[in-house]
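Colleague: If you scroll down you'll find the structure; I have some questions about it.
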């Protein structure tokens, strides 16, 4: 199990994976007039935590769980040319399934692209910090692997357990948007931090639910969605001038 310091390092927004360049959909929500102050920001973060946060935390925890487990058996048949008797092949086949299941749950093409772009950035950091073969099982998908899957493997490399990885994922779901809100709306950073403190219990509950779900089959992982967030993501991707990448 990782030390508390390692858990804090991975949860730190300054971890070199480019998260600071993303508002996690908040910029479009602000432009649409749906987030205007601290109260509406709180509603936005609660909604994001219950949807995207739950899904990301569950998939990150699931990836962490299979990272070192060649005994994990894919629920659906792997490709015909996959030899599950070879070391690492069961893990690779399960990660392929997780990537496909997460892709199916990400309705917006723009959000899929952002997730894979963030995954590439996090993978680069992970390979630099923890060189080794733990990342070898990631599927070679166009655009790169989804960010939650990479986070799961990074967490495993750092010796976090699935519940800890779920906590990091859920935490990042709200802190990224909260930080962006200070810049986009000029909110008092102390009040925004107080809002995050009030959301801590909800964040922990989502992480615990995600960790439990991660013990099941890939196709049974949470599939919570937010249609308005998908619409905002597609609109945001067309902007010529924007402060954040998403």
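Colleague: Sorted from fewest to most neighbouring beta carbons within 10 Å, what does the list 141, 51, 167, 36 look like? Before the final figure, lay out the partial values.
Modeller: Values: 141 15, 51 19, 167 26, 36 11.
By the 10 Å Cβ count, ascending: 36, 141, 51, 167.
Colleague: Moving to a separate point now. Just to be sure I understand: with springs between alpha-carbon atoms less than 10 Å apart, which residue in 140, 52, 62 has the highest mean-square fluctuation in the Gaussian network model of the chain?
Modeller: Of the options given, 140 has the highest mean-square fluctuation.
Colleague: So if R0 is 35 Å, what FRET efficiency would residue 219 and residue 191 give, r being the distance between their Cβ atoms, rounded to the nearest 0.05?
Modeller: 0.25
Colleague: Would you mind computing, in nm to one decimal, how far apart the modelled labels at residue 200 and residue 212 are, each placed 7 Å from Cα along Cα→Cβ?
Modeller: Spacing of the two 7 Å Cα→Cβ label points: 2.3 nm.
Colleague: Order of 236, 146 from fewest to most other C-beta atoms within 10 Å?
Modeller: Values: 236 24, 146 30.
Lowest to highest Cβ neighbour count: 236, 146.
Colleague: Another question about this same structure. Tell me, in nm to one decimal, what length is gained between residue 103 and residue 32 on full extension, where the rule is 0.36 nm per residue of separation less the Cα-Cα distance?
Modeller: Numbers: separation 71, 0.36 × 71 = 25.56 nm, distance 2.63 nm.
Value of the extension gain: 22.9 nm.
Colleague: Once the Cβ-Cβ distance between residue 235 and residue 183 is put in as r, and R0 is 22 Å, what FRET efficiency do you end up with, to the nearest 0.05? Show your work: numbers first, answer last.
Modeller: Values: r = 20 Å, r/R0 = 0.89.
So the FRET efficiency works out to roughly 0.65.
Colleague: Across bins of 5 angstrom width beginning at 0, how are the C-alpha pair distances of the chain distributed, in whole percent?
Modeller: In order of increasing distance, the bins hold 1, 7, 14, 19, 20, 17, 11, 6, 3, 1, 0, 0 percent.
Colleague: Please give the residues of segment 169-194, grouped as numeric ranges, whose backbone N is less than 11 Å from a label point set 7 Å along the Cα-to-Cβ vector of residue 39.
Modeller: Residues passing the 11 Å test: none.
Colleague: Would you mind checking the tilt of helix 200-213 against the longest principal axis of the Cα atoms of the chain, expressed as 0 to 90 degrees and rounded to 10?
Modeller: It is inclined by approximately 20 degrees.
Colleague: Build a GNM of the chain with springs between Cα atoms under 10 Å: which of 161, 12, 133 gets the top mean-square fluctuation?
Modeller: It is 133.
Colleague: Ok, one more. For the chain, take the longest principal axis of its alpha carbons; what is the angle in degrees between that and the long axis of helix 109-129, to the nearest 10 within 0 to 90?
Modeller: On a 0 to 90 degree scale, this one is about 70.
Colleague: Now for a separate question. For the chain, what is the mean residue ellipticity at 222 nm derived from helices alone (per DSSP H run of n ≥ 4: -39500 (n - 2.57); sum divided by total residues; nearest 500 deg cm²/dmol)?
Modeller: So the calculated ellipticity at 222 nm is -19000 deg cm²/dmol.
Colleague: Hey, fewest Cβ within 10 Å first, where do 130, 239 land in order? Could you put the intermediate results ahead of the total?
Modeller: On the way: 130 15, 239 11.
Least to most surrounded, the residues fall as 239, 130.
Colleague: Compute the Rg/Rh shape ratio of segment 101-246: radius of gyration over Kirkwood radius, all on alpha-carbon atoms. Write down the numbers at each step before the final one.
Modeller: On the way: Rg = 16.3 Å, Rh = 16.9 Å.
For segment 101-246, the value is 0.97.
Colleague: Using a basic spin-label model with each label point 7 Å from the Cα along Cα→Cβ, how many nm lie between residue 12 and residue 120?
Modeller: Using points 7 Å along Cα→Cβ, the separation is 2.7 nm.
Colleague: If I take every Cα pair under 8 Å that is 6 or more residues apart in segment 103-217, average their sequence separation and divide by the length, what percent do I get for the relative contact order?
Modeller: Values: 84 pairs, mean separation 26.5, N = 115.
Once divided by the residue count of segment 103-217, the mean separation gives 23 percent.
Colleague: How tilted is helix 227-236 with respect to the longest principal axis of the chain? Cα atoms for both, answer in degrees (0 to 90, nearest 10).
Modeller: 80 degrees
Values in this text are rule-based calculations from the coordinates and carry no lab data. What you see is a predicted model; the values in this text were computed from it and never measured. FYI the Cβ positions are ideal-geometry reconstructions off the backbone, even for glycines, and counts take in every protein chain you see.
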